[in-house]
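A short write-up of the structure that comes next.
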Amino acid sequence: MAFPAPACGARTVAPALPVFRSRYAPWWDDYSDLWDREPQFRRYQYLGDDWGPEDYVLHVIENYAAPYITPSSRVLEIGPGGGRYTNHLLSRCAELIGVDVSVKMVRRLLRRFQNQTNAQFLQGSGHDLRGIADRSIDFACAFNVFVQLEAEDVYGYFCELRRVLTDGGHAAIHYADFSNPEGWKYFLENRARWISEWGTRGRFCEFTNSTMAMLAERAGLTVVRNQYVGRDSILVVTSGKPEVLSGRPTGPTTRDFTQIERSLDALAADVYNEVPTEHHTAASHKTAETLLSGLQITEALELGCGSAPTLDWLKARGVKTLGVSLGSEPCVHSLIHADMHFSGLPTSSADLVIARHTLEHSPMPLLMLFEMARLSRRYALVVVPCDEQIWIDWPNHYSVLSKPMWRKLFTRARFRVAAELDGRLEPNSTEWCFLLEKES
Ligand SMILES: C[S@@+](CC[C@H](N)C(=O)[O-])C[C@H]1O[C@@H](n2cnc3c(N)ncnc32)[C@H](O)[C@@H]1O
């Protein structure tokens with residue numbers, strides 16, 4: 001649909017191809033009418049002013065738009081609505097194009113920005129950017145819009161952003177994120193009501209951090225930031241090569257862990273079976289006698305358990321035991337065949353979680369300690385070799401750290417050292433044994 005261009009001020013541009021009425025349009029046209037009709041909106045000047053505090057809008061503009069705009073930038077806003085973000089974008093750029101599915105929203109925008117000579121608004125299809133020239137946009141954004149779009153439209157927009165962004169141009173896309181703990185909490189809190197009171201959910205399409213990154217990457221964009229913002233997330237993509245972040249990175253770029261999986265697969269060949277020896281058995285029983293006697297333990301879990309001599313000691317005292325292992329040592333306990341970093345077991349699975357001579361084999365010991373804190377209801381037992389050269393030279397030993405370093409990692413994982421022991425594993429080698437207790 002084309003709009004007559006006013007003699008001065010904000011203009012519209014006619015789309016290059018006829019626009020079919022987007023499935024999202026009726027809802028928003030109706031909302032625009034409702035906004036004019038209902039008295040509760042009278043105290044606001046513009047549609048959208050009723051959607052939360054201006055501080056949040058400014059925070060988003062400062063952090064997710066301003067870094068990518070210069071005074072000579074051409075900016076595209078998808079779904080400007082009542083113009084809440086448009087207002088701030090316009091003052092920072094040379095030219096702005098707003099594309100909205102709702103003709104009624106476009107009319108509002110034309111009225112609001114009628115004196116603005118650097119703004120154009122057009123009605124869009126809801127999934128593409130027809131009418132916008134290739135490589136003509138330095139920065140594109142959508143706030144409170146993709147939270148309601150289906151995957152096919154999200155992907156459609158990503159493909160179009162790849163086309164319309166200049167080389168090295170950026171786009172910031174706000175979306176609803178299930179992988180954001182706040183987003184998940186919101187979902188759980190409202191689920192029952194949405195089920196029982198039909199119609200209370202409204203239009204809402206959640207994605208996850210990695211699905212969103214995947215759709216952008218499949219469209220040929222490069223993810224540069226993908227961050228939780230309140231209950232939702234904002235994805236920043238570029239059409240160019242990944243930029244080197246200057247200054248402090250402010251969060252994860254992507255939640256796609258396939259590279260970690262590839263690295264762990266590469267390291268899997270280094271994992272070897274620990275053949276049970278008298279020394280190991282005696283040392284682990286002595287550690288258990290010294291550090292675990294008298295503790296209230298009904299269930300114990302050992303990560304990377306091998307033949308599990310510590311679990312043997314516990315089982316003999318009536319404790320329910322479970323091991324997690326990738327190896328194939330003889331073991332009499334219930335066993336899960338899994339990577340010790342990712343057991344998949346529920347939170348608070350056991351009173352005691354054991355990592356005996358396994359943390360030194362981990363390429364990411366802090367993450368494993370986080371996992372132990374998650375799995376434990378109260379205690380953890382950590383046994384690691386001391387940092388003598390003999391251990392560093394062993395195969396599959398990636399994290400042979402000093403004692404102060406281990407203590408730092410325990411603290412970071414919110415454990416305190418409740419008791420400790422310097423043990424003798426073999427006649428000439430020392431091991432450090434720590435009984436840890438979770439901080440409340
Ligand atoms: C919740 S409002 C947000 C408006 C504005 N971005 C803000 O945060 O104040 C959503 C806007 O996006 C528009 N919209 C919905 N689906 C769209 C789509 N697929 N493409 C472009 N605009 C869309 C609606 O018409 C509406 O104006």
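Note on segment 403-438: among residues that are at pLDDT below 95 and over 13 Å from Val383 (Cβ atoms), the one that is surrounded by the most Cβ atoms within 10 Å (Cβ to Cβ) is Glu426. For segment 244-262, filtered to residues that are loosely packed, with under 14 Cβ neighbours inside 10 Å and either at pLDDT 55 or above or closer than 19 Å to His337 by Cα (or both), the residue that is farthest from the chain's Cα centre (by Cα) is Arg262. For segment 108-134, a tally of residues being more than 22 Å from Asp33 (Cα to Cα), touching a residue at least 40 places away in the same chain (Cβ under 8 Å) and among the charged types (D, E, K, R) returns 1. So which residues in segment 263-284 are part of a helix (DSSP H, G or I), exposed (fewer than 13 other Cβ atoms within 10 Å of the Cβ) and of a type in the set (A, V, I, L, M)? Hits for segment 263-284 are Ala266, Ala268.
How about segment 31-71: which of its residues are in contact (Cβ under 8 Å) with a residue 24 or more places away in the chain, away from the ligand (no atom under 13 Å from the Cβ) and part of a loop (DSSP other than H, G, I, E, B)? Across segment 31-71, the qualifying residues are Ile69, Thr70. The residue that is farthest from Cys433 (Cα to Cα), among those in segment 292-308 that are surrounded by fewer than 21 Cβ atoms within 10 Å (Cβ to Cβ) and over 36 Å from the mean Cα position of the chain (by Cα), is Gln296. Of the strands (runs of 3 or more DSSP E) contained entirely in segment 308-394, those carrying at least 1 residues that are within 19 Å of Thr411 (Cα to Cα), in the same structural domain as Thr290 (by TED's automatic domain parsing) and in contact with a Gly (Cβ under 9 Å, 6 or more places away or on another chain) fall at 350-356, 376-385.
The values are calculated or read from the model by the stated rules, or taken from the named source; none is laboratory data. Quick caveat, the model's predicted, so the values are computed rather than measured. Heads up, the Cβs are rebuilt from the backbone with ideal geometry, glycines too, and the neighbour counts pull from every protein chain shown.
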